[in-house]
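Each reported figure results from applying straightforward, stated rules to the coordinates on display, with no laboratory input. The structure presented is a predicted model; accordingly, all values stated were derived computationally and were not measured. Glycine gets a Cβ as well: all are built from the backbone with ideal geometry, and neighbour counts include every protein chain shown.
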Amino acid sequence: MKTLLVISSSLLLLGAVMPQSLRADSADANCEVRKDGDKQGGKSGPCTFGQRQGYVDIDLRNGDTISLSPASEANHYRDQKGNKVVRTMQGQSQVYKWPNKTITVHFSGGASTHSSGGSGNLQDMVNGRWVGGEVEDELARRGYKSVSEQAAGGYVTSIYKGHGKCMIVNLDTDKRVTSIDEGSGC
């Protein structure tokens, strides 16, 4: 009985602390929802986009939330109903495609970002919360495109181009950013 009480108390304490550490990075955006090519007026408009550890949540203005879990390939997801979803990029917008609908998430320079960061200085990404593929996603959101990548001993050095600059991004064996420096030769 004492063991059950200790386990229950531990789980309750963990539940109270966990939401703080799992809070997603989120940004205000504008979402365009199209079903079979037709714009869905009640769902399109201002939305909130959240991302954490590869998972994506899109909160639409009609109250619907789309929750996407990463699948086996980069930019492939499953929604909460198990449907396949593929993400592509169009400039600073992210396009999520189902067999019968599309959601385009438009980020603008004026979007209010609820996490640290923004589209100017990239130094907030060093030792930040972005891991692995999230780094590329965040850089794409900020207007940078991957040019090349080299891996050695679990460490990765990637070159990104954007805003007329070449950026050299180094990741450690945990796939976290250790440094971002401006380079040349993109």
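Residue pairs exceeding 22 angstrom between C-alpha atoms, taken from Lys35/Lys145; Lys39/Lys97; Lys81/Lys101; Lys35/Lys81: Lys35/Lys145. Using r as the Cβ-Cβ distance of Ala71 and Val95, and R0 as 22 Å, what FRET efficiency do you calculate, to the nearest 0.05? In this case the efficiency is close to 0.85. Computed from point charges on the beta carbon alone (+1 for Lys and Arg, -1 for Asp and Glu), the dipole magnitude for the range 25-106 about its Cα centre is near 260 Debye.
Looking at the range 44-96, the trypsin sites (Lys or Arg not before Pro) that sit in a DSSP loop and have at most 12 other Cβ atoms within 10 Å of their own Cβ are Lys81.
When the charge dipole of the range 25-106 is built from unit charges on Cβ atoms (+1 for Lys and Arg, -1 for Asp and Glu) and taken about the Cα centre, the candidate among Ala27, Asn100, Gly63 whose Cα reaches farthest toward its positive end is Asn100. Ordering Cys47, Cys166 from the fewest to the most neighbouring beta carbons within 10 Å gives Cys166, Cys47.
Under the simplified labelling scheme, the Gln53-Ala151 pair shows an inter-label distance of 2.1 nm, with each label point 7 Å from Cα along Cα→Cβ.
Evaluating 6.51 cos²θ - 1.76 cosθ + 1.60 at θ = phi - 60° for every residue in the range 122-127, the Karplus couplings come out as 9, 5, 5, 7, 5, 6 Hz, glycine and proline recorded as x. For the range 123-183, the Cβ-based charge dipole about the Cα centre amounts to some 180 debye (Lys, Arg positive; Asp, Glu negative; other atoms uncharged).
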